[in-house]
Amino acid sequence: MLCFFVLLFVFGGISSYIPLSEIYKIIIVLFTIPIILYTAVKVSQRPSTWTLSTESLTIAFAQETHVYPIADIDHLRSLTRSGGNLYVIYLRKKSPARYWRNKLFQADDDTLALHEALIQSDIEYFKF
């Protein structure tokens with residue numbers, strides 16, 4: 001989101017130096033919003049690999065790995081939103097962990113396989 005606003009202000013600032021009337025500058029910035037949105041989504045990607053075993057749920061990113069023992073997970077929710085899914089892992093003794101799955105400009109992934117694995121596991125799983 002930060003990338004989106006930074007690019008929007010950059011394009012707005014650049015358009016202020018163009019020697020045209022204000023209405024043309026506004027139209028130029030409006031037509032650059034799809035490019036800004038696409039660039040912001042591509043720049044802010046954080047691919048992850050989710051591994052579910054009988055002992056733990058492991059979420060691996062490029063630079064870090066999060067391991068949640070099954071015994072520590074109270075339940076897991078998948079909240080469907082227009083741009084993707086919000087996965088909330090409710091832990092027994094800690095605050096919830098949240099992970100966003102972006103669907104914009106993405107290739108198909110194994111989300112359905114993850115849903116099936118979570119349904120068949122010992123974790124309480126809710127999909128909204």
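The values are calculated or read from the model by the stated rules, or taken from the named source; none is laboratory data. Here the structure is a predicted model, which means the values were calculated and not measured. For neighbour counting, all protein chains shown are included, and Cβ atoms are generated from backbone atoms with ideal geometry for every residue, glycine included.
Looking across the stretch 52-65 at every residue that is assigned to a strand (DSSP E or B) and at pLDDT 90 or above, the one that is surrounded by the most Cβ atoms within 10 Å (Cβ to Cβ) is identified as LEU57.
Provide a single number: the residues in the stretch 8-28 that are in a loop (DSSP other than H, G, I, E, B) and not aliphatic (A, V, I, L, M). Number satisfying all stated conditions: 3. Being surrounded by 11 or more Cβ atoms within 10 Å (Cβ to Cβ), outside any loop (DSSP other than H, G, I, E, B) and without any contact (Cβ under 8 Å) to a residue 24 or more places away in the chain: is that true of ARG98 here? It is true that ARG98 is surrounded by 11 or more Cβ atoms within 10 Å (Cβ to Cβ), outside any loop (DSSP other than H, G, I, E, B) and without any contact (Cβ under 8 Å) to a residue 24 or more places away in the chain.
Candidates in the stretch 79-118 are the residues that are β-branched (Val, Ile, Thr) and in contact with a strand residue (DSSP E or B) (Cβ under 6 Å, 6 or more places away or on another chain); of these, the one that is farthest from LEU57 (Cα to Cα) is VAL88. Among the criteria (1) surrounded by fewer than 15 Cβ atoms within 10 Å (Cβ to Cβ); (2) closer than 27 Å to LEU114 by Cβ, the one SER21 does not fulfil is (2). Which pairs turn up if I take residues in the stretch 27-43 that are closer than 9 Å to CYS3 by Cα and look for partners that are among the basic types (Lys, Arg) and not in a helix (DSSP H, G or I) with beta carbon separation below 9 Å, at least 6 apart in sequence or on another chain? Listed by first residue and then by second, the contacts come to nothing, as the list is empty. Looking only at residues of the stretch 29-51 that are part of a helix (DSSP H, G or I) and in contact with a Ser or Thr (Cβ under 9 Å, 6 or more places away or on another chain), we find that the one that is modelled with the highest pLDDT is THR32.
The single condition from (1) within 28 Å of LEU2 (Cα to Cα); (2) surrounded by 14 or more Cβ atoms within 10 Å (Cβ to Cβ) that THR49 fails is (2).
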